[in-house]
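Just so it is clear, none of the values below were taken in a lab; they were calculated from the coordinates. Remember, predicted model here, so these are calculated numbers, not experimental data. Positions of Cβ are backbone-derived with ideal geometry, glycine not excepted, and every protein chain shown enters the neighbour counts.
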Amino acid sequence: MNAFTLAAATLALASVSLSAVHADAIPVTTRPAPALAQGVWINGAPTTIAAQRGKVTVLLFWTHECINCKHNLGYWNDWAKKYKDTDVTVLSVHTPETATERVIGNVRHFVKDRNIQFPVVTDNDEKTWNAYSVQAWPTEILIDKAGNIRYEFNGELNWGGSGEYKTVQGLIEKLRGEKAG
C-alpha cells in the first residue's frame, strides 16, 4: 500500500468516524454549564447562562485572529439570524491567544467590521475558557434548556467539506424539541 492509498484510507475512516459521532444519540453530560466570568460585553447586553434557562444556548469560544474561527463566522451569524427571537440563544466568548487580541478596541472593531450578529463577552483572563475546559479555537458548546452541557465541537464546521455545521444544526434542533427542565 503506497502513501497515497494509506492517506485516502485514513481519510475515509475519519469520515466514517465523524458520521458515527453525529448519530441520533446526543452525548449527554450531567455537568451543568458554568457561569460566564466577568468581561466586557460587545454587541449585546450583559447576560448569564442562568438567564438562558428554557432556551437552547449555543456558546461559541473564539478569538478574532484565528483563521479557523473566521471560517466559522458565517455559520454562527446564520444561526444568530435564524434563531433571533426564538428558544435558541447564540452567545460567544472571545478568549484571546495573542496580545493584540486582548485589546478590547480590536475586538470591538472586528465585531463591527465583520457584522457579527451575536453578543460577545471578552475573557482575557481565560476564566470562562477554563471553567468550560475548552482546549481549542473555535469551540461550539450546546447547552440544553435545563442548563446542561450536551454537545461540544472543536474546529471548523466545514473542514474539508465535512459539513459538521449540519451536524451541529441538527443537534440544536433536537435540543429545541426537548422539554425544559
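Apply the a/c threshold of 1.5 to the C-alpha gyration tensor of the stretch 101-181 and tell me whether it is rounded, prolate or oblate.
prolate
Compute the orientation-averaged projected area for the stretch 23-177 from the convex hull of its Cα atoms and round it to one decimal in nm².
It is 8.5 nm².
Among bridges DSSP assigns within the stretch 23-177, what percent are antiparallel (round to 5)?
Antiparallel bridges: around 55 percent, rounded to the nearest 5.
Report, in listed order, any pair from 112/174; 70/112; 55/179; 55/174; 55/127 with a Cα-Cα distance greater than 20 Å.
112/174; 55/127
If packing is taken as the average count of other Cβ atoms within 10 Å, what order do 107-113, 146-152 fall into, highest mean first?
Top to bottom by mean Cβ count within 10 Å: 146-152, 107-113.
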